[in-house]
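Read through the structure below, which is laid out as structure tokens, and then see the notes.
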Amino acid sequence: KKRVLSGVQPTGALHLGNYLGAIRQWTRNQDQYDNFFVVVDLHAITVPHDRKVLADCTLQTVALYIACGIDPAKSQIFIQSHVKAHAELTWLLNCSTPVGWLHRMIQYKEKAIKQGENVSVGLFDYPVLMAADVLLYQPDLVPVGEDQRQHIELARDIARRYNDMYSKKKRPRTFREPKTLMQTTGARVMSLEDGTNKMSKSAENDHSRINLTDDEATIKRKIKKCKTDSFEGLGFDNPERPECNNLLSIYQLVTNKTKEEVIEECQEMRWGTFKPLLTDALVDHMSPIRARYNELLEDKAYLRSVLKAGYERASEEAEQTLQNVKKDMGFILPS
Ligand code: TYM
């Protein structure tokens, strides 16, 4: 079986973008692959954080993975900070990664601008930690949304450079270079306030996103208020109508219809007809996830047992790769 690895940061409630862009493709392909899904808490502290929020969010993210359909019998679910190899491999890779590669990272530039003087070394090093997350498990595929494409490409570059430096003659080489797996629709879900910005956890206005934990009334209110336009009818792919394209795409994804079916159904509609339709479709799709999530949060012992099993399998895999790296690089291993 091919192996898949991916992760989400526990920095706030997960939203429709995380779900449609990433988690849903994890669940769909679950039977086909050997799966590792990590909650990346070490990444969550690269910007200022609150310790209580971090702890709560980490467990909530685990519950959401399962509520969205990740089955612990088929997939390893674990927490990044539990597996010490992530931090350790990051340091080793730091020393073979040129600093110029990190200066080119778009997400770093965007986040650093917002933080000014206080930007941490950790935020700069974030992509190397992410490369370590991936490379430790030798995955074939990394299913993510569009905004992570550059980071996965960097992970491949880091792997290749390392292999060239330290494991040229070895077969297989120490690191596998993984491929990005991305949806055709849903890889970039946009904000409800502005169809040219992506939906994000860090946007100030909660009305810019639908959280997986939003109840029916909240979803209804958010869709009612969301930005639209004053064109006749509805359609995809009009560059002057980013909001329209986004809302139709969301509708298509949560109803599991084809684009053609959505065009057929909606092209003559007004916003006043489409918005309630979209609201109902979202509520239908998301209510079971929210219900399951609320149940799971009541059963912390179960969540802990899932994490323990995930940790055991993940640390075994990760430790193997880490030992290979240390041997490649010339470290003396403890006897
Ligand atoms: P994060 O936590 O920002 O997002 C988690 C996943 O959701 C996707 N995503 C979106 N997809 C579509 N539309 C959107 N508006 C949208 N917003 C987010 C992201 O692309 C991602 O797949 N650095 C990563 C976490 C990470 C990781 C990893 C991922 C750390 N190590 C190793 C894969 C492999 C991040 O911050 O994702």
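The values are calculated or read from the model by the stated rules, or taken from the named source; none is laboratory data. The structure presented is a predicted model; accordingly, all values stated were derived computationally and were not measured. Heads up, the Cβs are rebuilt from the backbone with ideal geometry, glycines too, and the neighbour counts pull from every protein chain shown.
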Worksheet item: Here is a list of conditions, (1) among the hydrophobic types (A, V, I, L, M, F, W, C); (2) in contact with a helix residue (DSSP H, G or I) (Cβ under 8 Å, 6 or more places away or on another chain); (3) closer than 25 Å to residue 69 by Cα, and residue 322 meets all of them except one; can you say which number that is?
Response: (3)
Practice prompt. Answer yes or no as to whether residue 148 is buried (at least 16 other Cβ atoms within 10 Å of the Cβ) and touching a residue at least 12 places away in the same chain (Cβ under 8 Å).
Written response: yes
Response to the item:
How many residues of region 247-298 are buried (at least 16 other Cβ atoms within 10 Å of the Cβ) and of a type in the set (Gly, Ala, Ser)? The answer is 2
Worksheet item: Taking region 15-33, which residues are of a type outside the set (S, T, N, Q) and surrounded by fewer than 18 Cβ atoms within 10 Å (Cβ to Cβ)?
Response: 28, 31
Item to complete: Hey, can you tell me all the residues within region 71-117 that are in contact with a helix residue (DSSP H, G or I) (Cβ under 8 Å, 6 or more places away or on another chain), over 19 Å from residue 41 (Cα atoms) and aliphatic (A, V, I, L, M)?
Response: 92, 93, 102, 105, 106, 112
Fill in: Pick from region 204-216, criterion without any contact (Cβ under 8 Å) to a residue 24 or more places away in the chain and closer than 25 Å to residue 288 by Cα, ranking: surrounded by the most Cβ atoms within 10 Å (Cβ to Cβ)
208
Discussion item. Criterion first (under 21 Å from the mean Cα position of the chain (by Cα), part of a loop (DSSP other than H, G, I, E, B) and away from the ligand (no atom under 13 Å from the Cβ)) does residue 176 satisfy it?
Written reply: yes
Fill in: Cβ pairs under 8 Å, 6+ apart, first in region 28-45 and without any contact (Cβ under 8 Å) to a residue 40 or more places away in the chain and not assigned by TED's automatic domain parsing to the domain that holds residue 142, second polar (S, T, N, Q) and within 14 Å of the ligand (Cβ to nearest atom)
none
Practice prompt. Determine whether region 187-209 contains at least one residue that is closer than 30 Å to residue 48 by Cα, touching a Ser or Thr at 6+ places or on another chain (Cβ under 6 Å), assigned to a helix (DSSP H, G or I) and at pLDDT 95 or above.
Written response: yes
Worksheet item: When you go through 179, 168, 201 one by one, which is the residue that is closer than 30 Å to residue 35 by Cα, free of Cβ contacts under 8 Å to residues at least 24 places away in the same chain and surrounded by fewer than 18 Cβ atoms within 10 Å (Cβ to Cβ)?
Response: 168
Item to complete: State yes or no: is residue 62 away from the ligand (no atom under 12 Å from the Cβ), touching a residue at least 60 places away in the same chain (Cβ under 8 Å) and in contact with a Leu (Cβ under 6 Å, 6 or more places away or on another chain)?
Response: yes
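With region 217-335 as the region, which helices (runs of 4 or more DSSP H) entirely inside it contain at least 3 residues that are touching a residue at least 40 places away in the same chain (Cβ under 8 Å)? Break it down into steps so the answer makes sense when it comes.
On the way: elements: 242-255, 259-266, 271-298, 300-329.
Ranges flagged: 242-255, 271-298, 300-329.
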Worksheet entry | Matching option when the condition is within 24 Å of the chain's Cα centre (by Cα) and either modelled with pLDDT of 95 or more or not charged (D, E, K, R) (or both), among 277, 247 | 247
Discussion item. Criterion first (more than 9 Å from the ligand (Cβ to nearest atom), of a type in the set (S, T, N, Q) and not in a strand (DSSP E or B)) does residue 11 satisfy it?
Written reply: no
Discussion item. Among the numbered criteria (1) touching a residue at least 60 places away in the same chain (Cβ under 8 Å); (2) within 12 Å of the ligand (Cβ to nearest atom); (3) under 15 Å from residue 7 (Cβ atoms), which one does residue 76 miss?
Written reply: (2)
